[in-house]
Amino acid sequence: LKKKIVGISMGGHDKNNKTKKIIKILKKLKNSIAIKVLINSADSRAFQKISMEIKKLKMDVKIYSMNKSTWAIFSNCSMVILSGGISAYESIFAGIPSLNIINSSSKKKLTTYLEKKKLTKILSINKKKEIFNFINYYIFNNKELIKYKNRIDNFTDRLDFNPYLNLIESIKKAYKNK
């Protein structure tokens with residue numbers, strides 16, 4: 001049986017080791033999934049912790065540097081686990097279902113809209129059982145995964161992308177000016 005692929009990216013710096021925690025949550029699925037982790041190569045502390053966890057759990061995990069294209073790496077994933085914000089919108093446009101573990105209030109505001117539209121899910125890293133159940137349910141229930149992807153497709157088919165692209169550009173500029 002072919003393994004399902006789950007992508008994980010907690011943004012530029014994973015100061016709370018959420019990637020490592022997510023990998024531990026998913027360890028029960030280690031014979032059924034492969035994991036692609038996207039990490040900032042400059043964040044050597046997080047890289048070392050994740051590498052040690054992978055070796056300890058003997059999981060099928062590949063680590064990629066953020067200097068590569070996120071969506072080229074995640075293109076064959078059944079689902080991605082993200083830190084929310086603009087990445088959550090990008091996953092919608094890429095047609096990949098996402099679970100978001102938010103790491104800032106500004107990202108929560110952006111991602112809450114998508115959750116209300118049932119295009120993504122937001123959970124706290126402390127909700128280990130819910131994270132596991134959400135991933136397990138969608139990636140191993142093809143009928144529900146197809147429904148999820150159809151919601152995304154229906155949403156993006158009806159969009160005029162210009163307001164969203166303008167919103168994303170203004171957010172990027174605001175972050176650069178901080």
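The values are calculated or read from the model by the stated rules, or taken from the named source; none is laboratory data. Just so you know, these numbers come straight off a predicted model, no measurement behind them. Ideal geometry is used to build each Cβ from the backbone, glycine not excepted, and the neighbour counts take in all protein chains shown. Only protein heavy atoms, including side chains, enter the accessible area calculation; ligands, DNA and RNA are left aside. Shrake-Rupley method; radii C 1.70, N 1.55, O 1.52, S 1.80 Å.
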Length-normalised contact order of segment 1-124, Cα under 8 Å, at least 6 apart, in percent, tallies to 24
With every protein chain in place, the accessible area of Phe47 for a 1.4 Å probe, in Å² rounded to the nearest 10, comes to 90
Dividing the helical contributions, -39500 (n - 2.57) per DSSP H run of n ≥ 4, by the residues of the chain yields a 222 nm value, nearest 500 deg cm²/dmol, of -16000 deg cm²/dmol
Inverse of <1/r> over all distinct C-alpha pairs of the chain, i.e. the Kirkwood Rh in Å, gives 16.6
To the nearest Å², the heavy-atom accessible area per residue of the chain with 1.4 Å probe amounts to 56
To the nearest 20 debye, segment 51-102 has a Cα-centred charge dipole, built from +1 on Lys and Arg Cβ and -1 on Asp and Glu Cβ, of 260
Note: Arg45 to Lys172 extended length (0.36 nm per residue) minus current alpha-carbon separation gives 43.1 nm
Taking protein heavy atoms only, a 1.4 Å probe, and rounding to whole percent, the accessible area of the chain owed to carbon and sulfur comes out at 51
With +1 on the Cβ of every Lys and Arg and -1 on the Cβ of every Asp and Glu, the dipole magnitude of segment 12-79 about its Cα centre, in debye rounded to the nearest 20, is 360
Beyond 20 Å (Cα-Cα) in this structure, taken from Lys24/Lys117; Lys117/Lys149; Lys24/Lys147; Lys21/Lys68; Lys24/Lys149; Lys116/Lys149, we find Lys24/Lys117; Lys24/Lys147; Lys21/Lys68; Lys24/Lys149
